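Quick notes on the structure that follows.
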Amino acid sequence: MSFLDRIKQCQAPDLTAYLPFIVDGGVVGYVKPDFARALKDYPDTFVTGNQYLGLSDSLVGPDSRTEAVGAVLEKLMERGVVPGWRGEKYKVARSFAAPTLFDMERAAVALFGVIGYGVHLNGVVRRHDGLAMWIARRSLSKPTGPGKLDQIVAGGQPCGIALRDNLVKECAEEADIPAAVASTSVPVGTISYTTARPEGLRRDVLFVYDLVLPADFNPVNTDGEVEDFHLMAMTDVIARVRESDDFKFNCALVVIDFLIRHGYIEADHPDYVALNQGLHK
């Protein structure tokens, strides 16, 4: 195993096996043909052609699209077609800064292959022997990656809230980090990938932050999404990422990005260029 293996786990599939999801004249996602067939039962909302999936021309503007798509997704949830319902809406758009086309239930984002956004926080402590990193172990009841290792704080980016406000909220919920401390987190870039997962096509952009925590801080989970926390020496973090599948697939990428930025993976590493390229697909 190697760091590069973690990158390869997120390789993009052949998108010719998917139908483009077209809204307002542009591609916003990619759908498997079998899922598109399930949408033929709702012709007032979805247009299912042989080469694409679209929305009815009668749906004009974000509000009408959100309402119509939401009603269909609730029916599909009742049929078991959309599992893991979150009750949380994500923005559907061609890019993060592009205008919102409509909002979609989070559990359906990967089924439609639309871009999903999230915030991930590296929480570190400065010790006499170097940095240590707080690592969370995900709840065994999580719909994705149960029991896998994770950043101290990570969460999806729902619509209607700013990135930093969302980060501060997630810090309080997942690790009981006070707002005054969480607000000192430093934005350090993004990680992006397109990969096929059991839940669908993940086209994700992760906004990454670093936070130096006090030496006496101990995280406490308040929302039931974390089993436990461990303060790991960086040598242990490196070994777990490089030599095992213990980390959730995208959380391993966030750690690799941290290792590159902080010099733990140096420029003469044989996979240095490939790793950097692989973090920004």
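The values are calculated or read from the model by the stated rules, or taken from the named source; none is laboratory data. The structure presented is a predicted model; accordingly, all values stated were derived computationally and were not measured. All Cβ positions, even for glycine, are placed from backbone atoms using ideal geometry, and neighbour counts span all protein chains on display. Keep in mind that these areas ignore ligands, DNA and RNA; they rest on the heavy atoms of the full protein, side chains included. Shrake-Rupley method; radii C 1.70, N 1.55, O 1.52, S 1.80 Å.
Remarks
- Paramagnetic reach from residue 81 in the range 1-37 [backbone N under 17 Å; point 7 Å along Cα→Cβ]: 19-22, 30-37
- Spin-label zone in the range 235-262 - amide nitrogen under 13 Å from a point set 7 Å from the Cα of residue 269 along the C-beta vector: 235, 237-243, 252-262
- Neighbourhood net charge (11 Å Cβ-Cβ; Lys/Arg +1, Asp/Glu -1) for residue 278: 0
- Rounded to whole Å, sorted largest first: equivalent-ellipsoid semi-axes of the range 106-147, Cα gyration tensor: 31, 15, 6
- Residue-count net charge about residue 45 - beta-carbon cut-off 13 Å; Lys, Arg +1, Asp, Glu -1: -2
- At full extension, residue 141 and residue 97 could sit 12.5 nm farther apart than now, given 0.36 nm per residue minus the alpha carbon distance.
- Amide H within-cut-off set for residue 53, under 5 Å, with H built and near neighbours excluded: 21, 22
- Helix axis angle, 62-78 relative to the chain longest principal axis, alpha carbon, degrees: 80 degrees
- In this structure, residue 40 and residue 2 have a Cβ-Cβ separation that, at R0 = 35 Å, corresponds to a calculated FRET efficiency of about 0.20.
- Figure note: 77, 133 ranked by solvent-accessible area, largest first, 1.4 Å probe, ligands and nucleic acids not counted: 77, 133.
- Per-residue ³J(HN,Hα) for the range 210-219, Karplus 6.51 cos²θ - 1.76 cosθ + 1.60, θ = phi - 60°, Hz, x for Gly and Pro: 10, 9, 8, 9, x, 4, 9, 7, 10, x
- Prolate/oblate/rounded call for the range 168-281, Cα gyration tensor, a/c under 1.5 rounded: prolate
- Subset of 75/148; 40/75; 40/281; 91/281; 91/169; 8/89 violating a 22 Å alpha-carbon distance limit: 75/148; 40/281; 8/89
- Normalising the average separation of contacting C-alpha pairs (under 8 angstrom, six or more residues apart) by the number of residues puts the relative contact order of the range 1-133 at 20 percent.
- Alpha carbon Rg of the range 1-134, scaled by the compact-globule rule 2.2 N^0.38 Å: 1.31
- Charge tally for residue 196 (other residues, Cβ to Cβ under 15 Å; Lys, Arg +1; Asp, Glu -1): +2.
- Gap separating the Cα centres of the range 113-138 and the range 69-93, nearest whole Å: 29 Å
- Per residue of the chain, the DSSP helices (runs of n ≥ 4 H) give a summed -39500 (n - 2.57) that works out to -8000 deg cm²/dmol at 222 nm.
- Theoretical FRET efficiency, 1/(1+(r/R0)^6), r = Cβ-Cβ of residue 232 and residue 276, R0 30 Å, to 0.05: 0.80
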